[in-house]
Amino acid sequence: MGFKQTLSKGLKGVGRIQVSHGSILTYTALLLILFIAFTIRVMPMRWEIPTGTLGLNEFDPYYQYTITNHMVQYGILSPYWPTHWIDTQQFYPGGIDMGQSLPSLPMTTAVLYDVVSALGVNIDLISFCSLMAPILGTLAVLVLYFLGKDMGGKTVGLLAALVMAVSASVIQRSSLGFFDTETVGVLSLLLFVFMFLRAIDQNKSFRSMVLYSLGAAGALAYFAGGWGAAYYLVGLAALFVFALILMKRYSHRLLFSYSITFGLGLFISIMVPFLSPHYLTTGVVLPVAGVFALLCIAEVLRAQLSARAKTLISVAFLAVLVGGVFAVVGLGDISNIAAKFGSVLDPFTRQALPILESVAEHRITAWGSMYFELVIGVLFFLVGLYFAVKNPTNRNVFLVVFGLTALYFAGSMVRLLVLLTPAFAILAAIGVMGLLKPFYTLLRESGAQATMKSKRSLKRIGREYSVIAIVIVFLLLMSTYAFMPQNGGQPRVYASVYTPTTISAASLPITPNNPVPQWRDMLSFTRNNLQATSVVASWWDYGDWLGMYGNVTTLCDNTTTNTTQIENVAYAMMANETQAVKMLSNYGTGYVLVFPVLQLQIGSDGSLSGVKFSGYGDDGKWYWMARISGEATARLMTDQTFGQTWMNSNYQWLNETSFGNTTTSSTGGQTFTYNDFGLNSTVYKLMSYAEQQWAGLNGVSSSDQTADLPSYFTQVYISGVNTSPTTAYYNYGGLIPLVALYKINYDAYNTAMGTNLGP
């Protein structure tokens, strides 16, 4: 047959391809959902365009960017091989071992950035990193569609994808600039679940089982190398397989797929330096071996062996398993998970760890907050659980285990609502479709009416009842996800994402018309006027901004790799100037930065009567400094820190109560009154000085207590001090952010103390 005939035959074949209307509608709806998911997540771009580049959101993403930038410049293995990269510009002077970082997100981004650069796309790295979150978040929605389709059909898949596309908790962690671990974590979790459930599907071929098991192993390794919450996925999968064993659903396929998935997945995972082989001996991962032993016993019990042989082999397996556990425990080889992950299992331990409790996303989730997050979908979620339990297929068993465990952990920590959302979306979709199925069936009947038996007679049910039920459910869902108002009357989904990145809002809880420039101005000042080796002390929230944007050296940031150093910085902030300078000199510190936020005081006649601290900056975070440094009281009262004692019986504190007291007015308002101890704290003096500078320039008074002028700190630059009351009132909701940089005056200190300290 010649080429012409072959081509003609091929074209005729193409002409015979038929696509059903249902498929066209399904894929059109899916594309629309993906478009919505991506568009919603890039809405913060509206505040980034005026700055000339896309910024990152919050604080942690800057750590991920630092690693990615190093990979792009020196190779994707450069932080890990041939030697670990120690970044001494962070947590100076010891620095951070970047070789202990999780590689999945920065490696993925570095590789993709090299690809798009090779294709001629001209985009700066930080903007590319900023876009990675919406891209990966949209891919996660796509994977959830296929997972939901496997669970309950195309309609369930579409509805679940839509719920996740507009879920506030997921949007916040996959919107523009949120370049952090959750972006790869949620995607890899869904990929693992999708592939593992297909691997154990009895209707799949052996070849498919192997391929899906390999894919699940890769997803597991990718998750473990990207987010510490992989502990949850490992435990979830082991618990699910254990449930199948208890339900007597063991099969050869389950043993093979489990062995391939966890054997290969964990082997790859321990290649990550941060995880190492110790990952296998953590109390969370060890149950994987126990479930594997149970699978082996189940295989033996199904074999064609005598009862005596089965008993002997089973006892031998159990003896080895129990002996191994006792050996590991006896030798003390069980590795502990980080306190942050342990506190998820027991959230009440967090109360004794102020360094964790100080982070808002680590708090226990209030039931009101959870309902506000899930809204009317909670009812459909519960209905979905009912239908899943009623029809306990393997997939539904997994869904029940997934939903209940994720619900517990989401209640334990606000941040983990993002783990609950995929399970919630699928179960809610199953609940909706389960409720509507009878009404949908009724509508499809050929007759105009259906018959229902009654105790006394036959009653006729009109189709209008089905239409009413479907319309009610539709209105409930629409009112929840599209029209439910939040602050300012905006739709809930719209309001949850249409906010600027943290740095473009200057870390204020507002949605301004234009970017708030105070923090960017300060970082531009440090970048242009200080050296990269200049050591700047600030509270840990701002360490990543100062290091990456401001190009200076910092003492602490959100990586919290050295809690002792964070405690020492907290001590310096809360101590008097004499002790603060002495402590900071041990780190070679030349500068201190504080971030107070003022609030305009408007009288009943509309006139400006003064200003006071609002509590949105260090003026609200200082009590965490007091608690965190107070937690270190026992250590600071010994000679273990730089060879001297920092606290004694007359000079110590445990929390903020040592610095003043809180009074409650008859209207319920609270006021903190500082005592002499509080007024002499370094952080209050530096904040008060910045406040007085703004008040003096604008001819208004301060309703806050006024501290003495700093003796050993000299003003270098106060960003925002020229913000007019009019600008603050109309543009910033009456707030005035002040970013104040001071230089430590070692000459004045040494003259007064007769010492020879210096940076």
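The values are calculated or read from the model by the stated rules, or taken from the named source; none is laboratory data. Note that the structure is a prediction, hence the values are computed from the model and not measured. Here the Cβ positions follow ideal geometry from the backbone for every residue, glycine too, while neighbour counts run over all protein chains shown.
In table form, for the structure just shown:
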{"read-out": "Helices (runs of 4 or more DSSP H) contained in segment 1-103 and holding at least 1 residues under 30 Å from Asn513 (Cα atoms), at pLDDT 90 or above and in contact with a Ser or Thr (Cβ under 8 Å, 6 or more places away or on another chain)", "value": "21-41, 45-48, 61-74"}
{"read-out": "Flag for Thr155 being modelled with pLDDT of 95 or more and either polar (S, T, N, Q) or surrounded by 21 or more Cβ atoms within 10 Å (Cβ to Cβ) (or both)", "value": "no"}
{"read-out": "Pair list, Cβ under 8 Å, 6 or more apart: segment 293-307 residue in the same structural domain as Tyr250 (by TED's automatic domain parsing), other residue at pLDDT below 75 and of a type in the set (Val, Ile, Thr)", "value": "Ala293/Val320; Ile297/Ile313; Val300/Ile313; Leu305/Ile313"}
{"read-out": "Of all residues in segment 99-124 being touching a helix residue (DSSP H, G or I) at 6+ places or on another chain (Cβ under 6 Å) and not aromatic (Phe, Trp, Tyr), the one that is surrounded by the fewest Cβ atoms within 10 Å (Cβ to Cβ)", "value": "Ser104"}
{"read-out": "From Asp97, Asp60, residue being under 29 Å from Tyr591 (Cα atoms) and either out of contact with any Asp or Glu (no Cβ under 6 Å at 6 or more places or on another chain) or not acidic (Asp, Glu) (or both)", "value": "Asp97"}
{"read-out": "Checking Tyr732 against (1) hydroxyl-bearing (Ser, Thr, Tyr); (2) at pLDDT below 95; (3) closer than 23 Å to Val552 by Cα, the condition it does not meet", "value": "(3)"}
{"read-out": "Only one of Val471, Val535 that is at pLDDT below 90 and more than 26 Å from the chain's Cα centre (by Cα)", "value": "Val471"}
{"read-out": "Matching entry among Ala575, Ala634 (being of a type in the set (Gly, Ala, Ser), modelled with pLDDT of 95 or more and within 27 Å of Leu679 (Cβ to Cβ))", "value": "Ala575"}
{"read-out": "Within segment 206-258, considering residues that are over 19 Å from the mean Cα position of the chain (by Cα) and of a type in the set (Phe, Trp, Tyr), the one farthest from Gly290 (Cα to Cα)", "value": "Phe206"}
{"read-out": "Single condition Gly120 does not satisfy, out of (1) at negative phi; (2) over 17 Å from the mean Cα position of the chain (by Cα)", "value": "(1)"}
{"read-out": "Counted residues, segment 664-715 - those being among the hydrophobic types (A, V, I, L, M, F, W, C) and touching a residue at least 60 places away in the same chain (Cβ under 8 Å)", "value": "8"}
{"read-out": "Residue that is among the aromatic types (Phe, Trp, Tyr), more than 32 Å from the chain's Cα centre (by Cα), in the same structural domain as Leu741 (by TED's automatic domain parsing) and under 30 Å from Pro517 (Cβ atoms), where the choices are Tyr684, Tyr717, Tyr674, Tyr651", "value": "Tyr717"}
{"read-out": "Within segment 411-425, tally of residues that are surrounded by fewer than 24 Cβ atoms within 10 Å (Cβ to Cβ) and of a type in the set (Gly, Ala, Ser)", "value": "2"}
{"read-out": "Scope segment 104-145; condition more than 27 Å from Val497 (Cβ to Cβ), in a helix (DSSP H, G or I) and of a type in the set (S, T, N, Q); matching residues", "value": "Ser117"}
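Per-residue answers, yes or no, for (1) in a strand (DSSP E or B); (2) acidic (Asp, Glu); (3) farther than 22 Å from Ser711 by Cα:
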{"position": "Tyr587", "(1), (2), (3)": "no, no, no"}
{"position": "Leu593", "(1), (2), (3)": "yes, no, no"}
{"position": "Lys621", "(1), (2), (3)": "no, no, yes"}
{"position": "Trp624", "(1), (2), (3)": "no, no, yes"}
